[in-house]
Amino acid sequence: MAAPMYFSVVVTVTIVKLLLIPSYRSTDFEVHRNWLAITHSRPVSQWYYEDTSEWTLDYPPMFAWFEFLLSRIAKLFDPAMLEVTNLNYASFATVLFQRLSVIVSDFVLVYAVYECCQCVQVLCCFRCCQCVQLVGKKKSPHLLSQPMFVLAVLLLWNFGLLIVDHIHFQYNGFLTGLKLLSIARILQRRHLEGAFWFSLLLNFKHIYLYIAPAYFIFLLRSYCFTRSNRDGRVQWTSLSLMNLFGLGVVVLEVFAISFGPFIAMGQLGQVLSRLFPVKRGLVHAYWAPNFWALYNIADKAATAVAVRAKLLSADDITKATMTGGLVQEYTHNALPTITPLVTVILTLAAMMPALVHLWRRPCTPRDFLRCLVLCAFSSFLFGYHVHEKAIILIIIPLSLLAVESRQDGQVFLLLSTCGHLSLFPLLFTQAETPSKVCLMLMFSLFAFMSLGVLHSSSKKRPYCLPLLSPLETAYTVGLVFLQLYCSLGHHTLGLTTRLPFLPLMLTSVYCAVGVMWSWLKFYLITLTDMQHLKQS
Amino acid sequence: MPQHPTMDTRFGTLCTAVVFAVFVRWVVSLNSYSGMGKPPMYGDYEAQRHWMEITTNLPIKQWYFNGTDNDLLYWGLDYPPLTAYHMWLCGKVAEWIDPDWTSLFASRGYESYEHKLFMRYSVLIGDVVIYIPAVLLYCFLQKKFTHTQKVLLSCVLLLFPGLIIIDYGHFQYNSISLGLTLWAVIALSHRHEVLGSAAFMLALCYKQMSLYHAMPFFCYLLGKCWQQRWKKGFFSLCCIGVSVLATFAFVWMPFLSDKDLFLQVVHRIFPVARGVFEDKVSNFWCSLSVVVKFRNFMSHEGLLKLCLATTLLGLVPSSLDLLFRPSGNKFKLALVNSSLVFFLFSFQVHEKSILLPALPVCLLLPWRPFTSTWFLTIATFSMLPLLVKDGLVIATLITSILFIIAVELGLQGVSSDPTIGCPVCIWSSKNLPWLPHRVFFYAVKSGFYASLMGALFLGLLSVVVPPPSSLPDLWPVLISVYSCSHFIGFTLYYHIVQLMTTDSKETAAQKTKKTQ
């Protein structure tokens, strides 16, 4: 892709981000302001003990250092925001600085996406041949049929990143940038750099532990073991101790720089207790569209049936059930209550086939990406206290695959549509409704159009969205009606006071169905992909 | 094979462009509006809300009269009836949502999160119903363009920052009157004179400022009828006359029963008693007043007459040219010229009135991308003093950058050769062969960049540096004079272009028709 084209995509999306400055901000804005204040005005030894605000520092040390750096610049904008006791402070200069810090740090993402787009050239060699053919015919290919352009837009204009970072307020763009950079390095076969960026990323935000197993298996399999047997199995004798040692040094070094000072101060326990709070419930206040949303709704249905059938008395039902999941501690009535241990076992069990599959093949970058997506999927679906925002972790790496193969494109379209729609309740203020609907429409229209053009086939099914089956089309159209009901119909029917949580519940359960379906489909694609046999 | 765009992708790209335009509009509307939290008079936002209050609570005959229930000194209704009806409709909806929003007297200065949302939605609905479809239709009726060009053009036109910032930031309903004017232009260029004149009449009945465009409409229609054979021409003139009068009568019906009532409305609409310009406007009189304090030696009436005389004089060249050689191209240019002359010389000009010349300049974008981009950017800049007051500087800056980038990407507005189609250059290449063509190219380009840099610099100064206490209006005046010098230059440029344009094809075709 020509650099000017990429430049224009970057500039337009940056302008959109700047335009979003006056939008609504969630409490995460105050969280990050507080962290700026903590890292600026407290010594390092106090960072993980400071608790003037309820929003204590609960990201790994690297992120704290990042905030520390930001606070140096923040001083020039408005020093008042750097006082720990100045709770809920949001002057114009503070807002401007915080918003701009997200926009500027997003340039890590811009660089990483550029690197990824270069790699796609390697991945999509087949398609590029076509482009070359077209160029050879002196017929410039349509913009939508250039995989690199499509990928750049899918990643930079990602709906989830835009609304979570630039409306809701977080630094996911920057972190996703680090992640994509590590992926790009791995696609370029610069494994050590990939490992470095990923371990750095882990020290910025520990949620990326979700995808760590894929990195671990991949690096072990394809970097530490250097050869494969003819059937694709690992050749145990080819273990390169040199590579293993180098990898270990890189990873441990990053962790040592990050956690070392805190271990030296004897604060490791305190830091870890901040990073992994265990007192939260199975699901978030708003259920993320995962397996537990379906489990909860099944529990509700079973409870209702049981009460009818007098198997359960009304007294047994805990209050939390009645408030529809608003209380964080959630106890199930009819079905067994889920403990954190159960979710860990289930998550690992769901990852296992993907990891074993990755291990048993001569790992290609495509296998690695698929495994990465499956790990993120498993943690999202079965994890304990998962945020709906974690869907971005799946959609971003899946975008890379979507421009490359038709099947992945199918999964991507379904998952990105329902996954992004499940983010709608994140922005509940009325003034943001048109913004989120427009952004979502733009992203989905572009995704369907461009992937439809990229993977167009001669047999086109009538009345279906591009690449989707009739059933999936019906499901996707259903999302529109769901959203219409939630934003207009529910209020009009006058159910707002009687069933206040029904729209949220409907959204998460309906989206959960789509996410589960995409997961199963994607697993099937991965396990039945026999391309390595053809290659060997 | 990657297929070439099918029907789906064509529709899809268009939808994406429109959704993007709507998105930008909405995001701008999250900013503050004029007079936000500034009692006792607030600003245009309160004016529009107050009109909703007046029209829903009082009988129609009292809308324009001062009375116990209607204090005309507090944002009295001074727009034509169609605006009043629109406000009545919005007011009824507002009343249905929350009666507090329109209750008489009690609702003065009402501000709330929900009310702001309601007002912003009302602008968006007007825009989506009238202006956006007109722009799309205009772009898609250009026969010589490919589909991609049409989509890009409509996206660029919809992103003109001046209109977005005034309607969605400052708060007004300009997109309705401008949209109606655009409908009229489209109808005229497709030979639906009756519909076109009716649409323009509606625009005029929505906002009297549309009078800036009236002269070209009149001359074009008259010229077109003139060209036809005697009987046919007279007949079509009658049709146009009937449609204009009927539209007018229809809109003004409730006010035609009584002569006093009618005169009162007219008096409210044309406030001759007010000053020659409001605040600091980048027109001729305001810039002149920096040097010559003509208010000291001229009476109010004298000024009024002077304005009238200069405006009429300024209208003569473009109008006569259009009258005798009417063509679609000249019509658009005449719209620019006439509205620019009105803006520069007429009485009681607002800084927002620059939107009226901006509309026809937008229409010229695909043919004269360079000069149009320049004009539209300076037009937005000329409203800066107002936008500083409303707290819309950042939004203005960002949308202006977005517009310039969009023009560059969509129409090569900045990088295109400004000398192509420039009559001066054509003339010089014919008559002054020793003068190299490149001279013009570099002169215009450097002029453009210098002008934009100057605007940026002046804008930054006015925001960052407080003016000296002896000259509190220093920055607004400087901005006005700076923009005014540009507008005078553009007026000359567009006049030359109009007078030198010859639609050889059209006139030739008509000549053959006449001889038959």
(request) Go through B:Leu461, B:Leu452 for me and flag whichever is assigned to a helix (DSSP H, G or I), in contact with a helix residue (DSSP H, G or I) (Cβ under 8 Å, 6 or more places away or on another chain) and free of Cβ contacts under 8 Å to residues at least 40 places away in the same chain. (result) B:Leu461
(message) So if I check each of A:Cys438, A:Cys418, which one is buried (at least 20 other Cβ atoms within 10 Å of the Cβ) and facing chain B (nearest Cβ under 10 Å)?
(response) A:Cys438
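Yes or no, residue by residue, for (1) over 16 Å from B:Trp367 (Cβ atoms); (2) loosely packed, with under 15 Cβ neighbours inside 10 Å:
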residue	(1), (2)
B:Gly413	no, no
B:Asp417	no, no
B:Cys425	no, no
B:Lys430	yes, yes
B:Trp434	yes, yes
B:Phe441	yes, no
B:Ser451	yes, no
B:Leu456	yes, yes
(request) Taking A:Tyr48 as meeting all but one of (1) out of contact with any Lys or Arg (no Cβ under 7 Å at 6 or more places or on another chain); (2) more than 14 Å from chain B (Cβ to nearest Cβ), write down the number of the exception. (result) (1)
(request) For B:Leu364, indicate whether it is without any contact (Cβ under 8 Å) to a residue 40 or more places away in the chain and under 18 Å from the mean Cα position of the chain (by Cα). (result) yes
(request) Search the range A:173-195 for residues that are without any contact (Cβ under 8 Å) to a residue 24 or more places away in the chain and pair each with any residue that is surrounded by fewer than 20 Cβ atoms within 10 Å (Cβ to Cβ) and in a loop (DSSP other than H, G, I, E, B) when their beta-carbon atoms are under 7 Å apart and the residues are at least 6 apart or on different chains. (result) none
(request) Please work out if B:Met87 is more than 14 Å from chain A (Cβ to nearest Cβ) and surrounded by fewer than 19 Cβ atoms within 10 Å (Cβ to Cβ). (result) no
(request) Scan A:Leu502, A:Leu465 and give me the residue that is more than 24 Å from A:Leu162 (Cα to Cα) and away from chain B (no Cβ under 13 Å). (result) A:Leu502
(message) Tell me whether the range B:34-57 contains one or more residues that are within 14 Å of chain A (Cβ to nearest Cβ), of a type in the set (A, V, I, L, M, F, W, C) and either within 29 Å of the chain's Cα centre (by Cα) or assigned to a loop (DSSP other than H, G, I, E, B) (or both).
(response) yes
(request) Restrict the check to the range A:19-39 and report whether at least one residue is in contact with a Leu (Cβ under 8 Å, 6 or more places away or on another chain), within 14 Å of another protein chain (Cβ to nearest Cβ), outside any helix (DSSP H, G or I) and β-branched (Val, Ile, Thr). (result) yes
(request) Name the single residue, out of those in the range A:84-98 being touching a residue at least 24 places away in the same chain (Cβ under 8 Å) and closer than 19 Å to A:Ile167 by Cβ, that is surrounded by the fewest Cβ atoms within 10 Å (Cβ to Cβ). (result) A:Asn88
(request) Name the single residue, out of those in the range A:421-435 being within 11 Å of chain B (Cβ to nearest Cβ) and farther than 18 Å from B:Val19 by Cβ, that is surrounded by the most Cβ atoms within 10 Å (Cβ to Cβ). (result) A:Thr429
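Every number here is computed from the coordinates shown, using simple stated rules; none is lab data. Note that the coordinates shown come from a computational prediction; the quantities given were computed from them, not determined experimentally. Quick reminder, even Gly has a Cβ in these numbers, built from the backbone with ideal geometry, and neighbours come from all protein chains shown.
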